[in-house]
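Report on the following structure.
The values are calculated or read from the model by the stated rules, or taken from the named source; none is laboratory data. Bear in mind that the values here come from a model prediction, so they are computed numbers and not experimental data. Here the Cβ positions follow ideal geometry from the backbone for every residue, glycine too, while neighbour counts run over all protein chains shown. SASA here: full protein model, heavy atoms, side chains in, ligands and nucleic acids out. Shrake-Rupley method; radii C 1.70, N 1.55, O 1.52, S 1.80 Å.
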Amino acid sequence: MKLILIPVMLCGMAISSKAQNAQKLIRTYLMGYEKKDWNMVAGQFADDFTFTSPAGDDHISLATYKERCWGTSQFVKKVEFSKIIIQGSCGFAIYNITTTDNKIVRNTEYYTFQHGKIKTIECFFGPGIGYPGSTKEFK
């Protein structure tokens, strides 16, 4: 019985460790926006990272992501996580961003992970202004 229990426990610890690492990647990536630290953000991404959003971004590259999305960091005051769920090499995060003019942006993002980095992000806008810096109201 002990011979079976030990591998099961080790496997469970490895899975838990991967989930914790994935959560840390997500938190660090979004904290980079709060801290206005591009290197903190980019350091979480795989070399072949892509980003997708309702704002016309369809699997854009890291360079295009930086060009189109990084500028919104100037409007980010605080990021608060409602929920992060990791399952295998995928995850979801629901979070609120408080903007510098005290508006709320609520997003959900779907992540895939590869080799300890974020490989893809698909962003879904919720109620509020859609994304920091947007002047469009979404209800």
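Looking at the stretch 77-108, which of its residues are touching a Gly at 6+ places or on another chain (Cβ under 9 Å) and touching a residue at least 40 places away in the same chain (Cβ under 8 Å)?
Residues satisfying the conditions are 84, 97.
Would it be correct to say that residue 92 is in contact with a Lys or Arg (Cβ under 9 Å, 6 or more places away or on another chain) and within 17 Å of residue 41 (Cα to Cα)?
no
When the residues of the stretch 100-128 are filtered to those that are closer than 15 Å to residue 69 by Cα and at pLDDT below 95, which remaining residue is surrounded by the fewest Cβ atoms within 10 Å (Cβ to Cβ)?
124
Filter the stretch 98-114 down to the residues that are under 13 Å from the mean Cα position of the chain (by Cα) and over 17 Å from residue 72 (Cα atoms) and list them by number.
110, 111, 112, 113
Out of all the residues in the stretch 72-95, which are open to solvent by less than 40 Å² (accessible area, probe 1.4 Å) and closer than 15 Å to residue 33 by Cα?
72, 73, 76, 79, 95, listed by residue number.
List the residue pairs whose Cβ atoms are under 9 Å apart, where the first residue sits in the stretch 37-48 and is loosely packed, with under 13 Cβ neighbours inside 10 Å, the second is of a type in the set (Gly, Ala, Ser), and the two are 6 or more positions apart or on different chains.
39/32; 48/61
Here are 3, 62, 30: which of them is open to solvent by 30 Å² or more (accessible area, probe 1.4 Å) and at pLDDT 95 or above?
None of the other options fit; the residue is 62.
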